[in-house]
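Report on the structure given below.
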Amino acid sequence: MTKNIIILQHISIETPGYILDLMKKDNFNITTIELDAGDEIPNNLSKYDAMFCMGGPMDTWMEKDYPWLKNEKEKIKHFVIELQKPYLGFCLGCQLLGEILGGDVVKSKPPEIGILDIEMKKSYLNDKLFSNFESNFKALQWHSYEVQNLEKNSDVTLLASSPTTKYQIFKYNNAYGIQFHIEIKSDTVSQWGCVPEYERALEDSLGKGALVKFDQLASKNMGSMNKNAENLYENFKKLI
């Protein structure tokens, strides 16, 4: 049976990437809502089997500059808490989920940008999406904000951390927040480097001309990162 997937995007180049390719191969029925271009999230979300919420150059607290953020948060809350349907939030999408669940989105000290280490917690061994992952792996990070204080919500399970960010992966019912970018493809870094906010954050963290080195390092690790995306996708299909 064909699955109906809704994707919330905040900038056209931040798609589900490699995972989107896999969904298209499986002939999923995909609805993309480009929020920054004025698209509106449907009121009736019950027909969708799962929701993806992607990254973006804005932050969760920028409701004055991006008024649609308020409605987006309400729709995600409805989908995740009331409908209890599968949700995958990446980077900004992770932070939006964290805020909805009672966490705080705060500035990362320092920002996490690069191909960096993720360490799974023991809880991941029994998880529906991540149980077949390695206990340590490399992932692409590109964020200046993060979720904190989710321990206030006893229904949230921490699944993975990095040396500087506690909530790299967390879950609530069938909803997952993933702070890093598991969805990347071979052209992702070069495309994102054209976004002024991303380029500035990259150079502030890694110095002038960092984009070329970052792209090379991402290419070197692309095989293992794509394998993790495939694992996530195959497990996700069972969830929906």
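The values are calculated or read from the model by the stated rules, or taken from the named source; none is laboratory data. Keep in mind that this is a model prediction, so the values were computed, not measured. FYI the Cβ positions are ideal-geometry reconstructions off the backbone, even for glycines, and counts take in every protein chain you see. With ligands, DNA and RNA removed, areas are computed over all heavy atoms of the protein, side chains included. Shrake-Rupley method; radii C 1.70, N 1.55, O 1.52, S 1.80 Å.
Observations
- Computed log₁₀ I(q)/I(0) - Debye formula, equal Cα scatterers, no solvent, segment 1-112, q 0.17, 0.24 Å⁻¹: -0.81, -1.54
- Heavy-atom accessible surface of segment 51-120, averaged per residue, reaches 39 Å², computed with a 1.4 Å probe.
- Anisotropy class of segment 60-187 from Cα gyration tensor, a/c 1.5 cut: oblate
- Equivalent ellipsoid semi-axes, segment 134-240, via Cα gyration tensor eigenvalues times 5, rooted, Å: 26, 18, 12
- Modelled this way, with points 7 Å down the Cα-to-C-beta line, the labels at Asp155 and Ser12 are 3.8 nm from one another.
- Cβ-based net charge around Ser162, under 15 Å, with every Lys or Arg adding one and every Asp or Glu removing one: -1
- A probe of 1.4 angstrom, applied to the heavy atoms of all protein chains, finds Glu34 with accessible area near 30 square angstrom.
- Evaluating 6.51 cos²θ - 1.76 cosθ + 1.60 at θ = phi - 60° for every residue in segment 33-42, the Karplus couplings come out as 9, 8, 5, 5, 9, x, 5, 10, 6, x Hz, glycine and proline recorded as x.
- A simple count of charges around Pro16, restricted to other residues whose Cβ falls under 12 Å of its Cβ and scoring Lys, Arg +1 and Asp, Glu -1, yields -1.
- Cα-based shape type of segment 22-70, given that a ≥ b ≥ c are square roots of the gyration tensor eigenvalues and the cut on a/c is 1.5: prolate
- Ellipticity at 222 nm from helices only: DSSP H runs of n ≥ 4 in the chain, each -39500 (n - 2.57), divided by the residue count, give -9500 deg cm²/dmol.
- Hull shadow area, averaged, the chain [alpha-carbon convex hull, nm²]: 12.0 nm²
- Relative contact order of segment 75-212, pairs being alpha-carbon contacts under 8 Å that are 6 or more residues apart, as %: 28 percent
- Full extension of the chain between Lys107 and Leu125 gives 3.5 nm of extra length, using 0.36 nm per residue less the Cα-Cα distance.
- Phi angles of segment 200-211 translate, via the Karplus equation with coefficients 6.51, -1.76, 1.60 and θ = phi - 60°, into HN-Hα couplings of 5, 5, 5, 6, 5, 8, 10, x, 4, x, 6, 4 Hz per residue; Gly and Pro are given as x.
- Residue by residue, segment 96-102 carries 3J(HN,Hα) couplings of 4, 4, x, 5, 4, 8, x Hz when phi is fed to the Karplus relation 6.51 cos²θ - 1.76 cosθ + 1.60 (θ = phi - 60°); x denotes Gly or Pro.
- If both residues of a DSSP beta bridge must be in the chain, then about 60% of such bridges are antiparallel.
- Where segment 148-216 is the region considered: accessible area per residue in Å², 1.4 Å probe: 46 Å²
- Cross-link pairs beyond the 24 Å C-alpha cut-off, checked among Lys166/Lys213; Lys47/Lys77; Lys171/Lys213; Lys73/Lys152: Lys166/Lys213; Lys171/Lys213
- Most mobile listed residue (Leu129, Leu88, Leu206) in the chain, GNM with C-alpha springs under 10 Å: Leu206
- Sulfur and carbon atoms: percent of accessible area, segment 62-214 [1.4 Å]: 48 percent
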